[in-house]
Amino acid sequence: MSSKNYFKFSIILLFLAILTNEYSTVLAQESGKLKLVTPNDYGQWESLRSYQLSNNGNWARYQVNTQDGDQTTFLNNTKTGKTVEYKNTANSVFSENSLWFAYSKVLTGNEAKAQEKKKDSRRLPAKINVINLITNDT
């Protein structure tokens, strides 16, 4: 990744971090009191995973995982600011020429846990979606 693209991506991540922090502060101020966190709340916690800026710098993608095992990929157009959310997806990548975006469909966290409990260890073939970033065709 070129230093220019790395800088753009760093700015986007910084903006997302600031926006998330400001939103949390507003919610905390509106509620007026702190809420105790219970084990039932743990599944709502999220972590940022796997992020990438396209080679031309026009697109950024990142994945958010919940503690329950749900995975969501976000695709952001850095020129327009529009972000698209793809639920139950992982392993996303951009093509070298930044014209295509691909991702794998995955099970929800609960479905994956249920499959692990089954005695049948066969894995289903992955469904891969490819999107043209210019025309939005799949």
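With 27, 34, 19 as the choices, which residue is at pLDDT 70 or above, among the hydrophobic types (A, V, I, L, M, F, W, C), out of contact with any Gly (no Cβ under 8 Å at 6 or more places or on another chain) and loosely packed, with under 12 Cβ neighbours inside 10 Å?
Numbers: 27 fails: at pLDDT 70 or above; 19 fails: at pLDDT 70 or above.
Only one candidate qualifies: 34.
List the number of the failed condition for residue 76; all other conditions in (1) closer than 21 Å to residue 134 by Cα; (2) out of contact with any Leu (no Cβ under 6 Å at 6 or more places or on another chain); (3) modelled with pLDDT under 95 hold.
Result: residue 76 fails condition (3) only.
The values are calculated or read from the model by the stated rules, or taken from the named source; none is laboratory data. Predicted, not measured: the structure shown is a model, and the values here were computed from it. We place every Cβ from the backbone using ideal geometry, glycine too, and count neighbours over all the protein chains shown.
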